[in-house]
1. Could you check residue 223 against (1) modelled with pLDDT of 90 or more; (2) of a type outside the set (A, V, I, L, M); (3) over 21 Å from residue 121 (Cα atoms); (4) surrounded by 13 or more Cβ atoms within 10 Å (Cβ to Cβ) and say which number it fails?
2. Which of the residues that make up the stretch 78-115 are of a type in the set (S, T, N, Q) and assigned to a loop (DSSP other than H, G, I, E, B)?
3. Test residue 165 against the criterion of being more than 23 Å from residue 179 (Cα to Cα), part of a loop (DSSP other than H, G, I, E, B) and hydroxyl-bearing (Ser, Thr, Tyr), and give yes or no.
4. What about residue 75, is it modelled with pLDDT of 90 or more, of a type in the set (Gly, Ala, Ser) and assigned to a loop (DSSP other than H, G, I, E, B)?
5. Condition check: farther than 23 Å from residue 149 by Cα, surrounded by fewer than 20 Cβ atoms within 10 Å (Cβ to Cβ) and touching a helix residue (DSSP H, G or I) at 6+ places or on another chain (Cβ under 8 Å). Does residue 92 satisfy that?
6. Contact list please: Cβ distance under 9 Å, first residue in the stretch 161-178 and within 16 Å of residue 105 (Cβ to Cβ) and charged (D, E, K, R), second residue assigned to a loop (DSSP other than H, G, I, E, B) and at pLDDT 90 or above, pairs at least six apart or on different chains.
7. Restricting attention to the stretch 113-123, report how many residues are crowded, with 18+ Cβ neighbours inside 10 Å and among the small types (Gly, Ala, Ser).
8. Can you find a residue that is assigned to a helix (DSSP H, G or I), at pLDDT below 90, more than 21 Å from residue 123 (Cα to Cα) and out of contact with any helix residue (DSSP H, G or I) (no Cβ under 7 Å at 6 or more places or on another chain) anywhere in the stretch 208-215?
Amino acid sequence: MVGNRTFMPWRSLISYRINNGNWTNATLLPVMENHIEQLILHFGDTCLHWDVVNEALSDSPTATNPWAANVWYNAIGPYYVALAFQKAQQVVEAHNLSVKLFYNDYNIEWPGAKTTNAAILVSNLTAAGIRIDGVGLQSHFEIGGTPPIATSLAVQQTYTNQNNSRGVPVICALTELDIRATSLPVSDAQQIQQFNDYRTGKYTCLSWYLVNANVVSSCRWMCSQLSLCWYHSLGL
């Protein structure tokens, strides 16, 4: 198993038992830590990257609160992200594993408040001596809305210009790339634009690698008529 896999999943995929439990910090924190430990011990180095925390940042942050509301935040508090990375680091290092530990989110591909908060998250974890190896950019775009390569490079460097707690530059990965139409049917012009957008995504990965030698993985998951993932008669 390679690529990014998730310890703490997308909010709508958290199990019913977790989402509907009467949790407190004292009862949910051990559940979270046990879950992380068991996944690491089960898969070991068969996975290249682990998304330790997924989608923890708000799309509408305030000046004092960058976090999205979820069961972990509500029960454990804003430090659940640091505690999750700390637990993952402890288990990985205790078993001498080479797996890399990632934060993964959407809407952190363009300059903006959420992107700034993701970069701050990296620096705060590092300052606390907690290991984070990379940031995953989910890259859910609409046709015609893919960031230009120069913009992607600038955003990527807000993460990779930082060293983690081991003194190693942070990796940036394009983790879930999909480019969707907002309505059907999709015109020929839209399909050509979509092809160009996917090509931009591919060359963005190559540009990132050439700039800083941080290997970038690119994949997709939202494959439907609206996304037409990786397909066009022109090829890619």
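1. It fails just one condition, (1).
2. Residues of the stretch 78-115 of a type in the set (S, T, N, Q): 86, 89-90, 96, 98, 104, 107, 115.
Within the stretch 78-115, 96, 98, 107 qualify.
3. Working: more than 23 Å from residue 179 (Cα to Cα): yes; part of a loop (DSSP other than H, G, I, E, B): yes; hydroxyl-bearing (Ser, Thr, Tyr): yes.
Considered against the rule, which asks whether it is more than 23 Å from residue 179 (Cα to Cα), part of a loop (DSSP other than H, G, I, E, B) and hydroxyl-bearing (Ser, Thr, Tyr), residue 165 comes out as yes.
4. Working: modelled with pLDDT of 90 or more: yes; of a type in the set (Gly, Ala, Ser): yes; assigned to a loop (DSSP other than H, G, I, E, B): no.
Taking the combined requirement at face value, the residue does not satisfy it.
5. Working: farther than 23 Å from residue 149 by Cα: yes; surrounded by fewer than 20 Cβ atoms within 10 Å (Cβ to Cβ): no; touching a helix residue (DSSP H, G or I) at 6+ places or on another chain (Cβ under 8 Å): yes.
Judged against the criteria, residue 92 is not a match.
6. Cβ pairs passing all conditions: 176/106; 176/138; 176/139; 178/138; 178/139.
7. 2
8. yes
The values are calculated or read from the model by the stated rules, or taken from the named source; none is laboratory data. The shown structure was predicted, so the numbers you read here are calculated from the model rather than taken from an experiment. Here Cβ is always computed from backbone atoms with ideal geometry, including for glycine, and neighbour counts include all displayed protein chains.
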